[in-house]
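Chemist: Quick one: the structure is below, and I'll ask about it shortly.
What follows draws every value from the coordinates through simple rules; no lab data is involved. Just so it is clear, the structure is predicted and the values come from calculations on it, not from any experiment. Quick reminder, even Gly has a Cβ in these numbers, built from the backbone with ideal geometry, and neighbours come from all protein chains shown.
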Amino acid sequence: MKMTSIPVIDIAPFLAGTPEGREQVAAQIRQAGEEIGFFLIKGHGVDQDLIDDTYAAASSFFRLPVDDKLTIRQPPGNIPRGYTPFKGETLAASLGKAAPGDLKEMIDIGPVDVPVGEYYSGPEAGYYFYKNLWPEKPAGFQGTMETYYRRMNRLANDLMAIFAHALDLPENFFFDKLDKNISALRLICYPEQDQAPEPGQLRSGAHTDYGTLTILMADKATGGLQAQHRDGYWVDVTPEPGTYVVNIGDIMQIWTNDRWVSTLHRVVNPPSEVADTSRRHSIVFFHQPNYDSIIETLPSCFSADNPSKYGAITYKEHWNYKWNATKAKM
Ligand SMILES: O=C(O)CCC(=O)C(=O)O
Ligand SMILES: [Fe+2]
């Protein structure tokens with residue numbers, strides 16, 4: 001039977017900490033990781049007021065005149081910070097596919113609370129800890145986003161503990177690979193479409209996410225997210241109020257030797273009858289490990305009968321390739 005919606009998992013019993021609760025949540029995550037690589041979570045503990053404030057700050061920013069938005073334009077050299085105008089990225093190119101630019105504009109925010117030291121600012125650090133660019137308007141934007149970033153990092157740690165449990169590893173297994181993580185908070189606006197898209201042009205072309213996991217909050221505007229089932233068909237991912245969409249990224253797929261899937265997904269265009277009124281926003285936290293973590297098959301995911309399919313790489317090697325492939329030459 002075809003899957004028509006993605007599973008909803010209440011993670012509160014894991015966070016409450018009883019052994020039964022932890023096992024029950026881990027079992028559901030294990031199944032979802034293997035089958036579709038996407039799930040909705042509830043019981044995550046993130047304060048709804050913080051979610052609402054973050055959404056409101058992002059949507060007000062995108063309503064500003066373009067000149068105001070360009071005050072924090074992405075610095076030259078594809079540095080992953082600041083505002084990228086409409087059609088500035090082509091996610092299909094991360095998988096080697098040519099396509100017109102994605103029908104979206106966005107802001108990229110990197111780590112907040114960066115310590116001083118060679119690891120964070122020396123030559124190896126690249127742009128991973130580059131300073132964030134904050135707009136003057138709307139008021140309070142920086143504080144809201146920094147609070148949200150920190151809260152997403154905590155939730156991602158909780159999810160990584162669940163993942164470890166689900167993979168028969170100690171729950172703190174991943175922590176030393178994440179303690180200097182280079183996660184990215186991305187605010188995206190998919191504006192109303194007053195012109196028909198070009199052939200092959202989507203709000204976001206089909207791609208997989210590059211890191212460990214992604215935590216997404218989106219509104220319910222038409223023209224939304226779809227995930228590809230392992231059997232090839234597309235499933236609508238419809239967020240419910242108070243839930244987050246979580247999906248597995250490339251690094252979990254590599255770590256688990258393909259037992260879990262980094263699922264192909266895309267954001268489709270709204271139907272043409274409503275395209276000129278459909279405006280969609282999403283707030284996406286891409287959780288990504290330390291830049292120098294070595295990504296190789298987890299001890300519980302290979303054996304003599306099931307050898308590793310991937311050679312070891314560092315996270316920065318994986319990320320650099322994907323990121324640079326997707327950028328418009330502007
Ligand atoms: O906006 C969405 O719903 C998903 C965006 C996405 O998949 C991405 O930016 O990687
Ligand atoms: Fe994505």
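Chemist: Where Rh denotes the Kirkwood radius from the mean inverse Cα pair distance, what is Rg over Rh for region 205-278?
Modeler: Values: Rg = 13.6 Å, Rh = 13.4 Å.
Checking Rg against Rh, the ratio lands at 1.02.
Chemist: Which of the listed residues, Tyr149, Ala139, Tyr128, is farthest toward the dipole's positive end in region 121-179, when Lys, Arg count +1 and Asp, Glu count -1 at the beta-carbon?
Modeler: Ranked along the dipole, the leading option is Ala139.
Chemist: Under a Cβ-only charge scheme (Lys and Arg +1, Asp and Glu -1), can you give me the dipole magnitude of region 225-318 about the Cα centre, in debye to the nearest 20? The partial results should precede the final answer.
Modeler: Numbers: 7 positive and 11 negative charges, 18 e Å.
It comes to approximately 80 debye.
Chemist: Can you tell me, using C-alpha contacts under 8 Å and at least 6 residues apart, the relative contact order of the chain as a whole percent? Show your work: numbers first, answer last.
Modeler: Working: 659 pairs, mean separation 74.1, N = 330.
In percent, rounded to a whole number, it is 22.
Chemist: Further question: Can you give the helix-only mean residue ellipticity at 222 nm for the chain, where every DSSP H stretch with n ≥ 4 adds -39500 (n - 2.57) and the sum goes over all residues, rounded to the nearest 500 deg cm²/dmol?
Modeler: Values: 9 runs with 93 residues, N = 330.
Mean residue ellipticity, 222 nm, calculated: -8500 deg cm²/dmol.
Chemist: Restricting everything to alpha-carbon atoms, can you work out Rg to Rh for region 38-131 with a Kirkwood hydrodynamic radius? Mind dumping the intermediate values first?
Modeler: Working: Rg = 16.6 Å, Rh = 16.2 Å.
On the Cα set of region 38-131, Rg over Rh gives 1.02.
Chemist: Which pairs break 31 Å Cα to Cα here: Lys42/Lys69; Lys137/Lys327; Lys137/Lys177; Lys131/Lys309?
Modeler: Details: Lys42/Lys69 33 Å; Lys137/Lys327 26 Å; Lys137/Lys177 36 Å; Lys131/Lys309 37 Å.
Those over the limit are Lys42/Lys69; Lys137/Lys177; Lys131/Lys309.
Chemist: Pairing the Cα long axis of helix 315-325 with the longest principal axis of the chain, what angle in degrees results, from 0 to 90 and rounded to the nearest 10?
Modeler: 30
Chemist: Right, something else. For the Cα atoms of the chain, what angle does the longest principal axis make with the long axis of helix 48-63, in degrees from 0 to 90, nearest 10?
Modeler: Long axis of 48-63 versus the principal axis of the chain: about 40 degrees.
Chemist: So between Asp168 and Ala221, what do we pick up on full extension, going 0.36 nm a residue minus the alpha carbon distance? Mind showing how you got there, number by number?
Modeler: Numbers: separation 53, 0.36 × 53 = 19.08 nm, distance 3.88 nm.
Result: 15.2 nm gained on full extension.
Chemist: If I take the Cα coordinates of region 8-326 and project them onto the principal axes, what are the three extents in Å, biggest first?
Modeler: Computed over region 8-326, the largest-to-smallest principal extents equal 56, 48, 40 Å.
Chemist: Taking the beta-carbon count within 10 Å as an exposure proxy, list Ile51, Ile294, Ile215 from fewest neighbours to most. If you can, show how the numbers build up before the last one.
Modeler: Details: Ile51 17, Ile294 11, Ile215 24.
Least crowded to most crowded, the residues run Ile294, Ile51, Ile215.
Chemist: Placing unit charges on C-beta atoms (Lys and Arg positive, Asp and Glu negative, everything else neutral), compute the dipole magnitude of the chain about its Cα centre in debye, rounded to 20.
Modeler: 680
Chemist: Assuming R0 = 25 Å, can you tell me the calculated FRET efficiency for the pair Asp67 and Trp234, based on Cβ-Cβ distance, to the nearest 0.05? Before the final figure, lay out each step's value.
Modeler: Working: r = 38 Å, r/R0 = 1.52.
For R0 = 25 Å, the calculated efficiency reads 0.10.
Chemist: Work out the FRET efficiency for Asp292 and Leu95 from their Cβ-Cβ distance, taking R0 = 22 Å, and round it to the nearest 0.05.
Modeler: Values: r = 25 Å, r/R0 = 1.14.
Once rounded, the FRET efficiency stands at 0.30.
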